[in-house]
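Data block below; observations after.
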Amino acid sequence: MLKIDSVSKRFDNGTLALDDISLRIEAGDFVALLGPSGCGKSTLLRLLAGLDEPSDGRITWDAGQRPGPGDIGFVFQDATLLPWASAADNVWLPLRLRGKTKSEASGAIASALAQVELTDFSGSRPRSLSGGMKMRVSIARALVSNPVLLLMDEPFAALDEFTRHKLQEDLRKLWRVSGKTIVFVTHSIYEAAFLATRILVMSPRPGRIGAEIANTVPDIADRRNTPAYFNLVKQVTAAFRAIVPS
Amino acid sequence: MNRTVESLAPYLFGLIGLGLWQGAVWAFNVPQYVLPGPAAIAMAYIGDYATLNAALVSTLSVTLVALLVSATLGVALALAMAASSLIRAAIQPWAVILQVTPVVAIAPLIIIWVNQPFLALVVCATIISFFPVLSNTAAGLAATPHDLLDLFRLNGATRWQTLALLRLPSALPYFLAGLRISGTLALVGAVVAEFVAGSGGFASGLAYRILEAGYRLEIPRMFAALVLLAVAGIAIYAALGALTNFVLRRRDDA
């Protein structure tokens, strides 16, 4: 789907955030970018979104797959909703920016809200929603334009443990049903091991891909309680310790 | 019970203060040309309410027009500054210079330059009152959340869409806070300008009536005009506060 070829990113202040990153992302992948704070995970996500340009190297999309406006969905660490707009209007936003009226977009809005189980809250303002519900609206907003690539920047980091578990399960279900390509930034080994098909462990700044681990845990409902899951967590932890000095 | 007492507290405090003031004036037999009591001030107002009310209307007209001009000018300049760093660099120092220059010093010039008295008063009041709208709106436009700006970019939003759907609504609470400050400053500006114009013989608002009463040693009338000014200031502040609450509540809770 897309290829990241020897990509580096140096900021204007001289900080080298990413150094010589190379990887390929295939359609339908669920890639977790795992690493310590400041290792450049979010920077890599911004490069993939086209919000920043690499200082060196290039990101190339396979023929005919180059994304246009709205083809990349982005979920930020905070829900970043428009506080003055209802859940439905927030979800409408990406389509509205492309000239679709609310009635034209109503089917897509309803479908996106249904995917995150918020159909009954379409008229609610963000201030009346819980943190988990706001994040669901944010995910629905990213899904409404049927993006080819969904980028998620630690979306569950600020949520409580129970909400996080529930949203992780829902996201995995959503990925299985939709077959979307997802790149998911996280600090959590457990989250990466539960969600992703591929886990990329990044080194501290400047960020490099230190290890790539394939997830072979059986795709069953209770996958967190399987020996394969515990083994994967152990394997990722060992790779993390080898790459990130304590 | 506690809340009721708290909401009544300022009125009770005011009544006690007025009572003590009146009592002290009676007890010490203070002459009216030094310090009139509240009763004498009320009598002065009742005796001359038509003139004083007309003066109040005149001052409020200048204030409201100046506030309207300030809001329009402040928002327009803030938008221009947000659109271009060159415009920001060009405008900002001059806006600050205009703000820190005492209007009382430049009011005589404005009154000479602008032939039409009402317009001259509006110009003076606007010079004082436009800056809070400008600086607050500019701060609001600059404080638009970066993640949302990124989201708009990702979805190919035009500059107009970003402005209309994101930057202006984000800046609205800042603009309203600036407008509230500008409201009272417009009144101050109108009064200062009226003082200068009044000294030159232009009979108009409450400031002129204060000057006139001072020249004639009609101190209770002077206080009556002062009370009207204070009430007008409080009313403008409260009205703009109510407008802020109404607009933001309607927008965010509707």
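The values are calculated or read from the model by the stated rules, or taken from the named source; none is laboratory data. All of these numbers come straight from a predicted model, not from anything done at the bench. Glycine gets a Cβ as well: all are built from the backbone with ideal geometry, and neighbour counts include every protein chain shown. Accessible surface is based on the protein model in full, side chains and every heavy atom, while ligands, DNA and RNA are left aside. Shrake-Rupley method; radii C 1.70, N 1.55, O 1.52, S 1.80 Å.
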(Q) Take the conditions assigned to a helix (DSSP H, G or I), at pLDDT below 95 and either within 14 Å of another protein chain (Cβ to nearest Cβ) or under 18 Å from B:Pro173 (Cβ atoms) (or both) and apply them to B:Arg250. Does it pass? (A) yes
Q) What tally of residues in the stretch B:19-61 results from selecting those that are hydrophobic (A, V, I, L, M, F, W, C) and surrounded by 15 or more Cβ atoms within 10 Å (Cβ to Cβ)? A) 12
Q) What number of residues within the stretch A:60-96 satisfy the criterion of being among the hydroxyl-bearing types (Ser, Thr, Tyr), more than 17 Å from the chain's Cα centre (by Cα) and either more than 20 Å from A:Ile25 (Cα to Cα) or at the interface with another protein chain (Cβ under 9 Å from one of its Cβ atoms) (or both)? A) 1
Q: Scan the stretch A:1-59 for residues that are of a type in the set (A, V, I, L, M, F, W, C), open to solvent by 10 Å² or more (accessible area, probe 1.4 Å) and more than 19 Å from the chain's Cα centre (by Cα) and jot them down.
A: A:Phe11, A:Leu16
Q: Hey, can you tell me all the residues within the stretch B:205-223 that are farther than 10 Å from B:Val191 by Cα and either touching a residue at least 60 places away in the same chain (Cβ under 8 Å) or touching a Pro at 6+ places or on another chain (Cβ under 6 Å) (or both)?
A: B:Arg209, B:Leu217, B:Glu218, B:Ile219, B:Pro220, B:Arg221, B:Phe223
Q: With the checklist (1) more than 9 Å from chain B (Cβ to nearest Cβ); (2) outside any helix (DSSP H, G or I) in hand, flag the one item A:Leu51 doesn't pass.
A: (1)
Q: Could you list, in sequence order, all residues of the stretch B:49-75 that are of a type outside the set (A, V, I, L, M, F, W, C) and out of contact with any Leu (no Cβ under 7 Å at 6 or more places or on another chain)?
A: B:Tyr49, B:Thr51, B:Asn53, B:Ser58, B:Ser61, B:Ser70, B:Thr72
Q: Would you check which residues across the stretch A:109-120 are surrounded by fewer than 19 Cβ atoms within 10 Å (Cβ to Cβ), at pLDDT 90 or above and not polar (S, T, N, Q) and list them?
A: A:Ala110, A:Ala114, A:Asp120
Q.
If a residue must be of a type outside the set (A, V, I, L, M), farther than 21 Å from A:Arg46 by Cα, in contact (Cβ under 8 Å) with a residue 24 or more places away in the chain and surrounded by 18 or more Cβ atoms within 10 Å (Cβ to Cβ), how many such residues does the stretch A:67-105 contain?
A. 4
Q | Test: residue in the stretch A:33-44 that is modelled with pLDDT of 90 or more, within 24 Å of B:Asn155 (Cβ to Cβ) and within 14 Å of another protein chain (Cβ to nearest Cβ) | A | yes
**Q.** Yes/no for B:Leu176 being under 29 Å from B:Leu79 (Cβ atoms) and within 14 Å of chain A (Cβ to nearest Cβ)
**A.** yes
Q.
For the stretch A:98-126, which positions are polar (S, T, N, Q), touching a helix residue (DSSP H, G or I) at 6+ places or on another chain (Cβ under 7 Å) and assigned to a loop (DSSP other than H, G, I, E, B)?
A. A:Ser122, A:Ser124
Q. Tell me, which residue of the stretch B:90-117 that is of a type in the set (A, V, I, L, M, F, W, C) and in contact (Cβ under 8 Å) with a residue 60 or more places away in the chain is nearest to B:Leu179 (Cα to Cα)?
A. B:Val103
Q: Determine which single condition B:Gly140 fails, assuming it passes every other condition in (1) under 17 Å from the mean Cα position of the chain (by Cα); (2) open to solvent by less than 50 Å² (accessible area, probe 1.4 Å).
A: (1)
Q) Can you name the residue in the stretch B:139-153 that is of a type in the set (A, V, I, L, M) and within 13 Å of chain A (Cβ to nearest Cβ) and, of all such residues, is nearest to A:Pro83 (Cα to Cα)? A) B:Leu148
Q. Does A:Ile25 count as away from chain B (no Cβ under 14 Å) and at pLDDT 95 or above?
A. no
Q | Selection status of B:Glu194, part of a helix (DSSP H, G or I), over 19 Å from the mean Cα position of the chain (by Cα), more than 21 Å from B:Leu134 (Cα to Cα) and of a type in the set (D, E, K, R) | A | no
